[in-house]
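Quick note: the coordinates plus some simple rules give every number you see, no bench work behind them. Predicted, not measured: the structure shown is a model, and the values here were computed from it. Here Cβ is always computed from backbone atoms with ideal geometry, including for glycine, and neighbour counts include all displayed protein chains.
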Amino acid sequence: MCYICSRNNKNLKMDKRTFLKNTAILTLGGAVAASLPGSLKSAAARGSAAEDRFQLPKLDYAYDALEPHIDAMTMEIHHSKHHAGYTRKFNAAVESAGLGDASLKDIFGKVSQHPVGIRNNGGGFYNHTLFWKCMSPTGGGTAGGDIGKALDKNFGSFDKFRELFSKAAATRFGSGWAWLVKTESGLVVSSTPNQDNPLMDVTEQQGYPLLAIDVWEHAYYLKYQNKRTDYIAAFWNVIDWDYVNERFNQAAK
């Protein structure tokens, strides 16, 4: 064999050995990086369900299921962007504050003692989780069952309750929520600013939330623009009264 051929074969063997060695290093390095926290891990890995205590809930219906009352694009952005963001930031805030073992009830009951990120993102996580459950493609109509009787007893009629709830939602200045709340003295309609809720010790009206409507602009602006009252009127067509009734009976136990 000529000298040049011999050198080429030798270099070829070296290249193969180098290639295999480098491949092994890269493979091992990728495996190690996947097990490390921080920037070495991908965004998907950092946000994996196994690491987060509080999870973004899956909806019980498709994004377009509430149309024409609430449009699909709003639902998708609201759930996959806004709610997902609150969930992610709440997990980080809870971990940072050393509240990994605390229940939501305990966190909200002393929220005034915690960093503002707990209040804002914890409320955003919880409030939206309830909001999705309060709606259904087969919802709407008049409340029945025990909750229907309780509304008549506390407000005089379902229509009177609807009027009070709609007013609370329409007159909430800026961003916030309107609520139907069960208290020790009965049912109450209230509203809160930003992402506060009736479980928090910072709210004027505390109690167990039964029904919630989100009146942040991102909840309705794509379809209704600045017409919040039209959005509120549409909301009555999708309320899941069976779920609200279930919560009412749970609170009574």
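Please report, in whole Å, how far the alpha carbons of segment 80-184 spread along each principal axis, starting with the longest.
Projected onto its principal axes, the Cα set of segment 80-184 covers 47, 32, 28 Å.
Suppose we keep just the alpha-carbon trace of segment 185-241; what are its Rg and Dmax in angstrom?
13.0, 39
Normalising by the residue count of segment 155-234, find the relative contact order in percent from Cα pairs under 8 Å and 6+ residues apart. Mind showing how you got there, number by number?
Working: 128 pairs, mean separation 22.5, N = 80.
Contact order relative to length: 28 percent.
Cα-Cα over 26 Å: which of 81/133; 160/182; 160/227; 110/227; 149/253?
Over 26 Å Cα-Cα: 110/227.
Report the label-to-label distance for residue 84 and residue 55 in nanometres (one decimal), using points 7 Å from each Cα along the Cα→Cβ vector.
Distance between the two pseudo-spin positions: 1.6 nm.
Residue by residue through segment 52-61, what is 3J(HN,Hα) from phi via Karplus (6.51 cos²θ - 1.76 cosθ + 1.60, θ = phi - 60°)? Round to whole Hz and write x for glycine and proline.
In residue order, the calculated couplings are 9, 6, 9, 10, 5, x, 7, 6, 7, 8 Hz.
Where the eigenvalues come from the Cα gyration tensor of segment 126-169, what are the semi-axes √(5λ) of the equivalent ellipsoid, largest first, in whole Å?
Values: eigenvalues 80, 38, 21 Å².
Each semi-axis is √(5λ); the values are 20, 14, 10 Å.
In terms of the ratio Rg/(2.2 N^0.38 Å) built on C-alpha atoms, what value belongs to segment 132-222?
Here the Cα radius of gyration is 1.08 times the empirical estimate.
Tell me, what is the percent relative contact order of segment 66-253, built from C-alpha pairs under 8 Å that lie six or more residues apart?
Working: 278 pairs, mean separation 52.8, N = 188.
With pairs under 8 Å counted, the relative contact order is 28 percent.
Can you sort 88, 53 from fewest to most other Cβ atoms within 10 Å of each residue's own Cβ?
With the sparsest Cβ surroundings first, the list reads 53, 88.
Need the full-extension length gain, residue 175 to residue 116, defined as separation in residues times 0.36 nm minus the C-alpha distance. One decimal, nm.
Extra length available between residue 175 and residue 116 comes to 19.6 nm.
Could you compute how fast segment 66-253 diffuses translationally, taking Rh as the Kirkwood radius over C-alpha pairs and applying Stokes-Einstein at 25 °C with viscosity 0.890 mPa s? Give it in µm² per second.
In µm²/s, the coefficient rounds to 145.
Using 0.36 nm per residue of separation minus the Cα-Cα distance, give me the extension gain between residue 106 and residue 167 in nm, one decimal.
The residue 106-residue 167 span can extend by a further 18.9 nm.
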